[in-house]
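Let me begin by presenting the structure, written as structure tokens, before commenting on it.
The values are calculated or read from the model by the stated rules, or taken from the named source; none is laboratory data. These numbers were taken from a predicted model, which means no experiment stands behind them. Neighbour counts are summed over all protein chains in view; Cβ atoms, including those assigned to glycine, are modelled from backbone coordinates with ideal geometry.
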Amino acid sequence: MGLELYLDLLSQPCRAVYIFAKKNDIPFELRIVDLIKGQHLSDAFAQVNPLKKVPALKDGDFTLTESPWVLAAKSSKADPSWPHGGSAWRQQWGRTSSGRPMRSF
């Protein structure tokens, strides 16, 4: 299974992630989460993101849930030499972004 993006294109952060992926030819499977219908509040979506917010990125068993980190991970897919991609987050935190404490750089 490849990269999955959970988005609602009515959301500006979701549109930013979507446009970035399209412009950089990053292959992904789009999973629409309808915010108006409250799909982000469902138990099924809580399995993806316990914070029940979009955008969310899922790559195998690794999940990112904050839009800046989703863009960072996608950047590494577009340019693997970029140092702040998903693999850098996995190494640094050792778990999903929704489970890690906030940390400033």
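Across the stretch 6-38, the qualifying residues are those that are outside any helix (DSSP H, G or I) and of a type in the set (Phe, Trp, Tyr), and the one among them that is farthest from residue 64 (Cα to Cα) is 28. Return a yes/no flag: does the stretch 76-94 have any residue that is among the polar types (S, T, N, Q) and either buried (at least 19 other Cβ atoms within 10 Å of the Cβ) or modelled with pLDDT of 90 or more (or both). No, that holds for no residue. The residue of the stretch 1-35 that is surrounded by the most Cβ atoms within 10 Å (Cβ to Cβ), among those that are within 21 Å of residue 47 (Cα to Cα) and of a type in the set (D, E, K, R), is 8.
Look at the stretch 28-46: where a residue is among the small types (Gly, Ala, Ser) and a partner is surrounded by 11 or more Cβ atoms within 10 Å (Cβ to Cβ), sitting 6+ places away or on another chain with Cβ atoms under 8 Å, you get 46/52. Of all the residues in the stretch 39-59, those that are at pLDDT 95 or above and in a loop (DSSP other than H, G, I, E, B) number 1.
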